[in-house]
Amino acid sequence: MSTIIFLIVFPLVVAVALLILKADAARDIVVKVGSAVIIAASIYLVVKYFSSGGQYFSASNEAVGTAMTIISALLAIVGFVLGIKYKKYLACLLVVVTTPLQLWFEFTKGHEIAVNYNMYIDRLSMIMVLIIGIIGTLICVYALGYMKDDQKHQKDGKDRRPWFFFLMFVFLSAMFGIVTSNNLLWMFFFWEITTYCSFFLIGYNGLFHKKEFEDKIATRNAFRAFIMTSLGGLGFVIGIILLGSGLGTIELSTMLAYGSMGGSVVAPALFLVFAGLTKAAQMPFDSWLLGAMVAPTPTSALLHSSTMVKAGVFLIIKLAPVLGWNIAGIMAMFVGGITFLMTSFAAIGQSNGKKVLAYSTISNLGLICACGGVGTPEAVWAGIMLIIFHAITKCLMFLCVGTAEHQIGSRNIEDMDGLFEKLPRLAGCMMIGIAGMYLAPFGMLISKWATLTAFVDSGNILLILIICFGSAATVFYWTKWLGKLSATMAGRENLQKNVHGEETFVHVTLATLTVLVCLCFPFISSTLVVPYLVSAFGAVDALALSANNMIIMCIMIAVIVLLFIFFFGRTNKKIVPIYMNGVNEGDNLSFKNAFQAPTEVGLRNWYMESYFGEVKMNVIGCVATAVLEVACIVAVAALMLGGIA
Amino acid sequence: MTVMIISVVAYLILGPIVGGLLAGCDRKITAHMQSRVGPPIRQPFYDVFKLTEKEDITVNNVQDFYVLCFLIFTIVTGCLFFAGQSLLLVFFTLTTASTFLIVAAYSSNSPYAEAGAARELLQVMAYEPMVLLSAIGFYMATGSFDVSQIMTSETMPFFAVWGLFIGLVFIMTIKFRKSPFDLSMSEHAHQELVGGLKTEFSGKTLAMVEVAHWYENVMLLGLIFLFFANGTVAGYVIGVVVALLTYFLEIFIDNSFARMKWQAAINSAWIVAAALGAVNLFVLLLV
């Protein structure tokens, strides 16, 4: 219990310290020491509850509840005022509806409901704590170097970094809160904190700027994120109210227990799933995460890997035992499935590296949501594995692209040819990251394999087709990027020395983690994931992946690593120019044209716009998912009204 | 266990021999279809031996490494298949192998090789859904992804997954790199990009690519064979005959079609996969 409290409070202390301290040196020390302490505390927490598998805590405290209520109200006022100031009245409207609704419930019905356990820790929370604690803090360390470069690009010269780092650490604190709250009102409090943090982080270059220095797009996208996730917040509140008035509880554990015994919790589950889907940037709400890339890279990395979107999928995975073939489950599986397919396609048509990453994140989150929706133990196993592998690999990819952008001045994949010569270590880390995203024997592929098997076992043909075609698209867009990175172009200047030490440290750590986690995933599976599934579902018949297959995968990883260590980049052969129809100028970069003048060679990748245009995919996906969500909500509303009448 | 080891060793030794002979037959039959005499059946072996004696040259210090990985992972794929492992494992490893080949071509940064690599990638995207769906079909029909379990199923999987069989034969044209879908590395001079992906490979590296294809072809024919395996000798005989007939059919198609555009490859492969896959899986689910 004390460790959990520490994990929530300590980042807040660090955050406040960072808000006060202005000097670079002091910030460096506080962030590094703070991160080390958070990592240590996360690991300690897991070690402490590892053997018992977790515990529930009553943690009842009037003062805490009151403080949360006051902070929610204050935040709502801030949101409302900013909405007025920037003329985003939809944001104001959502605040005006959601917060009074929440307060009304808390003071009337909610006040009478006794809560036995406000907090808990179980094995799923432990996994999440490790992801938030390790990946999240690594991003903060990376941000130290990155934000120094970023500061040089600030037009008004103001140093807003204290604000930036304050938000980053508050974010981590709130995430720890989400994954350890059993009281849904508490969870909702932390949930809203992450909404506000991401709002301010995305608007970092726009909000609170003088008009002439304001990045209008940043402000617009910040509000878009705020509005979309607040809509989810409204869903969350409705879910709590339905649960509280229907079953007389606001505890997640009670809800799941009641649902598992056959009681109907479909209506509250549907609204909570809806909240999760918006937070996880599923269609039709995917545009907020795409818009989030206007923020400095560490923000994107944080939103995409260990926080924010992971809160959304965490909630859906948590609810999985009461999902399946009911309206809430159907919404999760098909919204997730359609989003996975459409965004995988859309990623093919993108040359902006960050956009490819964003679409890939959304598609993987879609797969996790679909797993949660299917709701069988093996699907949930796949979903949790996806969360783990995705957090590490996607974080690595974002931070690499961020560094590349600062060094080569572009985030366009087409400008990354020759990166292998310019930034060899960075390119190497990126190649590991890309391989980790889709190739056997790496983690994401293992999870995707399990997902496929789980879908087949649940007899869901539509999802099977979706994953088969979506995977094919995934192979296409990752491999063409991998190819660009691997291209060798002679005579490029080596820029590796310009990269900040902190950045390289984090890249290499994450790349190593990507490989290490693949090597020890059978261990993670047997000690954390499977015991969690047993406690959540009662029994686990068989895993999607047999132990035999897991071992083969591990051996393959080892073989690849060894092959690279011993044979990569070595040749005794004579190196000759490439074939250019006999007109190679000799430098492999230009050829003699018809007038005997040298012409530079330009090689461009394939984007298949006519097939997988971004707009087309978004229109199809958003319309389909919006119709589905509305239909599900109307169906549940009709059932409830029918039930009352 | 012994059966497993024997079949893996047999694959390692016989794989390239059978694959090379099939390639020789291919050339002979093609020659006859074109009213030529054609080279002796052993010619592919002569070619590969000759390649190994060429001067050791390369365009950079990483390309040959990727090709080596392609060869290793292609062989591993086949070994996993003949060791009776999960079909999904086999297919995922095969994708990794293809990726190594594509990256090898990209790494040269050569215009012809990269054009070929991009086309190869398109071909992978075109056939991947059908390949995965066929694995799922086997699972739904026999209750297992494992080749060893499927081999001993009581009824021929073919009767349950006929639709997927047709679909798989369709995309085999792409997998065997046959016209009309030999986009990426055509041997024939009837298209604008000859050699494509292979442009920058020479000598021993090119020999490795050839040998890898022999291994791969044998594994693919094994997959066709699997549709008819039912644990009896009759089933095995039918399987081998159908596999050889399929190979002949692909040669026949190769010689009867001009190359088509890439759009035709992906459109047709995806439509076939979606239509046959959906219908066949739905029928399986109902039965």
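The values are calculated or read from the model by the stated rules, or taken from the named source; none is laboratory data. Just so we're clear, the structure is a prediction, and the values are computed from it rather than from any experiment. Quick reminder, even Gly has a Cβ in these numbers, built from the backbone with ideal geometry, and neighbours come from all protein chains shown.
Among the residues of segment A:570-596, write down those that are closer than 27 Å to B:Leu121 by Cα, touching a helix residue (DSSP H, G or I) at 6+ places or on another chain (Cβ under 8 Å) and either surrounded by 12 or more Cβ atoms within 10 Å (Cβ to Cβ) or of a type in the set (Val, Ile, Thr) (or both). Of everything in segment A:570-596, those that are closer than 27 Å to B:Leu121 by Cα, touching a helix residue (DSSP H, G or I) at 6+ places or on another chain (Cβ under 8 Å) and either surrounded by 12 or more Cβ atoms within 10 Å (Cβ to Cβ) or of a type in the set (Val, Ile, Thr) (or both) turn out to be A:Thr571, A:Ile578, A:Tyr579, A:Met580. Among the residues of segment A:521-550, the ones that are within 11 Å of chain B (Cβ to nearest Cβ) and farther than 21 Å from A:Leu323 by Cβ come to 5 in all. Note on segment B:243-287: residues that are within 11 Å of chain A (Cβ to nearest Cβ) and surrounded by fewer than 17 Cβ atoms within 10 Å (Cβ to Cβ) amount to 9.
When A:Gly433, A:Gly428, A:Gly459 are checked against the criterion of being more than 9 Å from every other protein chain (Cβ to nearest Cβ) and over 30 Å from A:Val576 (Cβ atoms), a single residue qualifies: A:Gly433. Taken together, the residues in segment A:393-418 that are touching a Lys or Arg at 6+ places or on another chain (Cβ under 8 Å) and of a type in the set (A, V, I, L, M) amount to 5. If I filter segment A:112-123 for residues that are part of a helix (DSSP H, G or I) and touching a residue at least 60 places away in the same chain (Cβ under 8 Å), do I get at least one hit? Checking segment A:112-123: at least one residue is part of a helix (DSSP H, G or I) and touching a residue at least 60 places away in the same chain (Cβ under 8 Å). Of all residues in segment A:476-497, those satisfying the criterion of being more than 9 Å from chain B (Cβ to nearest Cβ) and among the basic types (Lys, Arg) are A:Arg492, A:Lys497. When A:Ala23 is tested against (1) surrounded by 17 or more Cβ atoms within 10 Å (Cβ to Cβ); (2) modelled with pLDDT under 95, only condition (1) is not met.
A:Ile71 meets the conditions (1) touching a residue at least 60 places away in the same chain (Cβ under 8 Å); (2) over 30 Å from A:Thr254 (Cβ atoms); (3) out of contact with any helix residue (DSSP H, G or I) (no Cβ under 7 Å at 6 or more places or on another chain) in every case but one. The failed one is (2). Between residues in segment B:5-27 that are without any contact (Cβ under 8 Å) to a residue 24 or more places away in the chain and residues that are crowded, with 20+ Cβ neighbours inside 10 Å, which pairs lie under 7 Å by C-beta distance while being six or more apart or on different chains? Once the first residue is without any contact (Cβ under 8 Å) to a residue 24 or more places away in the chain and sits in segment B:5-27, its partners that are crowded, with 20+ Cβ neighbours inside 10 Å give B:Gly24/B:Pro44. Please verify whether segment A:411-424 includes one or more residues that are polar (S, T, N, Q) and more than 18 Å from A:Val529 (Cβ to Cβ). Yes - at least one qualifying residue is present in segment A:411-424.
Here is the figure for segment A:284-311: residues that are farther than 18 Å from A:Phe340 by Cα, in contact with a Lys or Arg (Cβ under 7 Å, 6 or more places away or on another chain) and either without any contact (Cβ under 8 Å) to a residue 60 or more places away in the chain or of a type in the set (Ser, Thr, Tyr) (or both) total 1. Once segment A:597-619 is narrowed to residues that are in contact with a helix residue (DSSP H, G or I) (Cβ under 6 Å, 6 or more places away or on another chain) and in a helix (DSSP H, G or I), the residue that is farthest from A:Thr488 (Cα to Cα) is A:Met617.
No other residue among A:Leu495, A:Leu452, A:Leu465 is of a type in the set (A, V, I, L, M, F, W, C), within 27 Å of A:Ala558 (Cβ to Cβ) and either in contact (Cβ under 8 Å) with a residue 40 or more places away in the chain or out of contact with any His (no Cβ under 7 Å at 6 or more places or on another chain) (or both) apart from A:Leu452. Restricting to segment B:147-190, name every residue that is under 18 Å from B:Thr246 (Cβ atoms) and either in a loop (DSSP other than H, G, I, E, B) or among the hydroxyl-bearing types (Ser, Thr, Tyr) (or both). Listed by number, the residues that qualify are B:Met156, B:Val161, B:Thr173, B:Phe176, B:Arg177, B:Lys178, B:Ser179, B:Pro180, B:Phe181, B:Asp182.
Right, A:Ile565: within 14 Å of chain B (Cβ to nearest Cβ), of a type outside the set (Ser, Thr, Tyr) and touching a residue at least 24 places away in the same chain (Cβ under 8 Å) or not? No: the conditions fail for A:Ile565. Is one or more of the residues making up segment A:396-408 closer than 19 Å to A:Ser471 by Cβ and more than 14 Å from chain B (Cβ to nearest Cβ)? Taking every residue of segment A:396-408 in turn, at least one turns out to be closer than 19 Å to A:Ser471 by Cβ and more than 14 Å from chain B (Cβ to nearest Cβ).
Per the listing A:Ile178, A:Ile193, the residue uniquely aliphatic (A, V, I, L, M) and either within 19 Å of A:Cys140 (Cα to Cα) or not in a helix (DSSP H, G or I) (or both) is A:Ile193.
Being buried (at least 24 other Cβ atoms within 10 Å of the Cβ), closer than 27 Å to A:Tyr611 by Cα and within 9 Å of chain A (Cβ to nearest Cβ) is the filter here, so list the residues in segment B:108-118 that pass it. The answer is B:Asn109, B:Ser110, B:Ala113, B:Glu114, B:Ala117, B:Ala118. For segment B:34-62, what are the residues that are away from chain A (no Cβ under 14 Å) and of a type in the set (S, T, N, Q)? Passing the criteria: B:Gln34, B:Ser35, B:Gln43. Among the residues examined, A:Leu399 does not qualify as in a helix (DSSP H, G or I) and without any contact (Cβ under 8 Å) to a residue 40 or more places away in the chain.
Only one entry of B:Phe73, B:Phe100, B:Phe65 meets the criterion of being within 11 Å of chain A (Cβ to nearest Cβ) and farther than 26 Å from A:Val576 by Cβ, and that entry is B:Phe73. Answer with yes or no whether B:Leu22 is crowded, with 18+ Cβ neighbours inside 10 Å, within 14 Å of another protein chain (Cβ to nearest Cβ) and not basic (Lys, Arg). Here the answer is no, as B:Leu22 does not meet what is asked.
If you go through segment B:52-73 and keep only what is of a type in the set (Ser, Thr, Tyr) and either within 20 Å of B:Ala97 (Cβ to Cβ) or not in a helix (DSSP H, G or I) (or both), you end up with B:Thr58, B:Tyr66.
Per-residue answers, yes or no, for (1) in contact with a Pro (Cβ under 7 Å, 6 or more places away or on another chain); (2) among the basic types (Lys, Arg); (3) closer than 30 Å to B:Asp64 by Cα:
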{"position": "B:Trp214", "(1), (2), (3)": "yes, no, yes"}
{"position": "B:Gly222", "(1), (2), (3)": "no, no, yes"}
{"position": "B:Phe225", "(1), (2), (3)": "no, no, no"}
{"position": "B:Leu245", "(1), (2), (3)": "no, no, no"}
{"position": "B:Arg259", "(1), (2), (3)": "yes, yes, yes"}
{"position": "B:Gln263", "(1), (2), (3)": "no, no, no"}
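Take the conditions closer than 15 Å to A:Phe165 by Cβ, in contact with a Lys or Arg (Cβ under 9 Å, 6 or more places away or on another chain) and among the charged types (D, E, K, R) and apply them to A:Asp28. Does it pass? Here the answer is no, as A:Asp28 does not meet what is asked.
Can you work out which of the residues in segment B:140-183 that are out of contact with any helix residue (DSSP H, G or I) (no Cβ under 8 Å at 6 or more places or on another chain) and in contact (Cβ under 8 Å) with a residue 60 or more places away in the chain is nearest to the other protein chains (Cβ to nearest Cβ)? Only one residue tops the list, namely B:Thr152. Does A:Val517 satisfy the criteria of being surrounded by 15 or more Cβ atoms within 10 Å (Cβ to Cβ), under 24 Å from the mean Cα position of the chain (by Cα) and within 14 Å of another protein chain (Cβ to nearest Cβ)? No; evaluated as a whole, the condition is false for this residue.
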